Each structure stands twice: as C-alpha cells, then as structure tokens.
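Structure first, then comments.
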Amino acid sequence: MPSPEPSGGNRTLERIAAILDAVGQSSASASELARRTGLSVSTAHRLALSMAEHGFLRRGEGGDFRLGQRFVQSALEKVSLPALTGLRDSTGESAQLWTRRADERVCLMSVDSHQELRATLPPGSRLPLPAGSSGRLLAGEPAALEELAEHGWVESVGMRTPGLGSVSAPVRLREQTIAAVCLAMPLARVAVSPGADFGDDVVAAARRIGQDLERSAP
C-alpha cells in the first residue's frame, strides 16, 4: 500500500529539519541554504528568518545563518551560573540572564541577592520588550545602543518598576549578542546610578560568560 503524501505541516517540518542539518555543518547564507537543502532561495530565506525569530537560528551581521540560542541554551546556562553567582556575591545584588524570544525577553537564570530588600524575578519570567535595561539592550533600542557604545552597558532607573534600577551588558558569541546579563537592585542602595556603580562588574561577568561559551560551543 503506498505511503500517504506528507501533509503541509509535515513538509514544513521536513524543510526546517533540512535547514537545521544544513547549518549544523557550518553557517550559511540563504542561497547556500537553498543549495544544501534543495529548497528555493525564497523559501529557504523565509523559513530561516522565521527560525531566527524563534531562536532556532541566529543571523550574523553578514546575513549568514547558524544554529541559534535554543541549541546553545544548556551550555549557556552551565557557564553562566559561576559568573552570575560571582557577580551577585561581589555586588550584593540580584544577577539575572535574559534572552530574547520574539517581542519578549525571557529570564533563563536568576541568582538572588541575600538582602531582605531585593529585586528578583524567577527563571521563566517573560517581560515585553523594551522594558528595563535588558529589554532595551535585547530590543536594540537606538538610545540603548548609543549607551552601549559609550559605556559597554545599558541602564534603567525606575523605567520598568518605580524604585528599582538595573544595568545590563551583552553576552556575545561569535560577535552576536545572544543574551544579556542584568544586575537589578533597589534604587535606595544606588550611590550614583546603576551603571556608574556596577556597570564594569556586569560587563566583566557578561564577557566571562561569552568567553566560556565560546570555548564550549560547537
């Protein structure tokens, strides 16, 4: 008995699997994805963009696609814990790791301050972009990018929640921002501003995570 024709949904899954296999070899442009998978360039490009939006692929500055955040998340969480814990211990404030999912940011890890009054959100929390310093950074907000270029960090002073502040720095893998380290605190404990007080510490933690991830990533 002949096997049934694949449904539209199955065809889409097959194409997605083919694209994942293709970028598993090495990064590829849309035209190279089309060559490796046998898809048309327009179909390969459309699917790759959709997969990048949902974290299955990530797109480099040159337009090439490679495996995305969902495939490095386990390694990212593993290498992030020591850096976040060290950041919390050195500053006394809550340290978090955020990543972008479509129009939201998702908390992957959180190491809470030991102080009774603290800023905290549990892993799995979702917030709309561009709320907060991590949201501004991950959304690529123009003012945030200027701040990042000048200081290496982005801050928020009561923007999302009155009385709370934060400063965030990008975690980069192969020159792409894949996550943000955020240090959040009550403004009552801020001397100058979140960035001026703690920005260098957050940048160092984010850089450490990126370097450790680079060593462990395929």
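Since every read-out is calculated from the coordinates, none of them should be taken as a lab result. This is a predicted model, so every value here is computed, not measured. All Cβ positions, even for glycine, are placed from backbone atoms using ideal geometry, and neighbour counts span all protein chains on display.
List of remarks:
- Cα-projected label distance for residue 145 with residue 74, points at 7 Å along beta-carbon direction, nm: 3.5
- Kirkwood hydrodynamic radius (C-alpha pairs) into Stokes-Einstein, region 8-67, 25 °C and 0.890 mPa s, D in µm²/s: 224
- When its C-alpha radius of gyration is set against 2.2 N^0.38 Å (N residues), the chain gives a value of 1.14.
- Across the chain, C-alpha contacts under 8 Å between residues 6 or more apart give a mean separation that, scaled by the residue count, equals a relative contact order of 15 percent.
- Over region 91-218 - Rg/Rh using Cα atoms and the Kirkwood inverse-distance radius: 0.94
- Short to long, the 10 Å bins of the Cα pair-distance histogram for region 144-203 hold 25, 53, 19, 3 percent of all pairs.
- Value of [θ]222 nm, deg cm²/dmol, for the chain, DSSP H segments ≥ 4, -39500 (n - 2.57) each, nearest 500: -15500 deg cm²/dmol
- Highest-MSF residue in the chain out of 172, 88, 35 [GNM, Cα springs under 10 Å]: 35
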